[in-house]
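As structure tokens, the structure follows; a few thoughts come after it.
FYI, it's all coordinate maths here, none of it is from the lab. Quick caveat, the model's predicted, so the values are computed rather than measured. Note: ideal-geometry Cβ built from the backbone for every residue, glycine included; neighbour counts use all protein chains shown.
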Amino acid sequence: MATSFASMKKNKQSDLDKLSGELSKLQSNQNNMGDDRFWKPEVDKSGNGYAIVRFLPSPMGEDVPFVRLWDHGFQGPGGWFIEKSLTTLGKDDPVSEYNTMLWNSGVDKNKDLARKQKRRLGFISNIYIVKDPANPANEGKVFLYKYGKKIFDKLNDVMNPEFEDETPTNPFDMWEGRDFKMKIRNVEGYRNYDRSDFAEAAPLLDDDKQLEEIWKSQHSLSEFIDEKNFKSYAELKNRLYRVLMLDNAAPSVAAEPDPEPETSTVVPMTSSSASVDEDDEDLSFFKKLADED
């Protein structure tokens, strides 16, 4: 980890290597509304938006410039379940286990429910706002930014390019990184970032003193993966059972589902088979849940 500004500048290549390794580990293997540390791009009435941001390096004393978080957001007969998943910490999670039971039942209706309840993937990084036409007052400031798999994949693409004539670059680097041109469209009611891209590599600013001030003003990321900020397995299981109106002594899965059940087919949480949870690219799902709750 960088302990001084000078050492961070000196070790740019090793930082890129470390990040590439971290991305490989991730690939192989809460909602923050009301927190003014977070920046969210605004869109117009048609759902279009534009901004230019720069992803920043690891905060002082931390190793990686992003954290990965899994969470769940779905509605059951007993209300909403919107909670961070313990799989973020590499631990067993009751929703993942229950979804696996549904999937392994072999009943199509149970599989559909497992899909509905699948975990959602998000990342958090520090960013510097280069241009924000909707809110110019944000320009030149540092914020936290929560983003999804599509933007994360774009970061990975510039670090690990597909073609031989493309040079790997570290988009989080202050000197050789790239501004991210965020282009937002409304596609089927959701924000779409497919047309977003990176500019050519260039220093964020020409003054190292200003860059050091930006680096020192970053927010810690470690709090978002601190175990104390997650509910326990027992708390999450109790909440899940209330939301889905389950019973600890639930019967086994029926061979065929009822044609129009009021709730899901209930199964016991005793299996240890592989999780069926999948990535989800659209984190605006959570805002919709919060707005409708």
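A few notes on this one:
- Between Glu164 and Ala201, the FRET efficiency from the beta-carbon distance, with R0 = 22 Å, is close to 0.80.
- The range 144-187: translational diffusion in µm²/s, Stokes-Einstein, Kirkwood Rh over Cα pairs, 10 °C, 1.306 mPa s: 134 µm²/s
- By other beta-carbon atoms within 10 Å, ranking Asp173, Asp206 with the fewest at the front produces Asp206, Asp173.
- When each of Asp165, Asp208 is scored by the number of other beta-carbon atoms lying within 10 Å, the sequence from fewest to most is Asp165, Asp208.
- Each residue in Arg68, Arg119 was given a count of other beta-carbon atoms within 10 angstrom of its own, and listing them fewest first yields Arg68, Arg119.
- Stretchable slack from Arg115 to Ser217, in nm (0.36 nm times residue separation minus alpha-carbon distance): 32.7 nm
- Scattering curve values for the range 112-195, log₁₀ I(q)/I(0), Debye with Cα scatterers, q = 0.10, 0.11, 0.13, 0.17 Å⁻¹: -0.34, -0.41, -0.57, -0.90
- Backbone HN-Hα couplings from phi across the range 224-229 [Karplus 6.51/-1.76/1.60, Hz, Gly and Pro as x]: 6, 10, 7, 4, 5, 9
- Over 27 Å (Cα to Cα) - which of Lys45/Lys109; Lys9/Lys181; Lys141/Lys209; Lys45/Lys131; Lys45/Lys116 fall in this group: Lys45/Lys109; Lys45/Lys116
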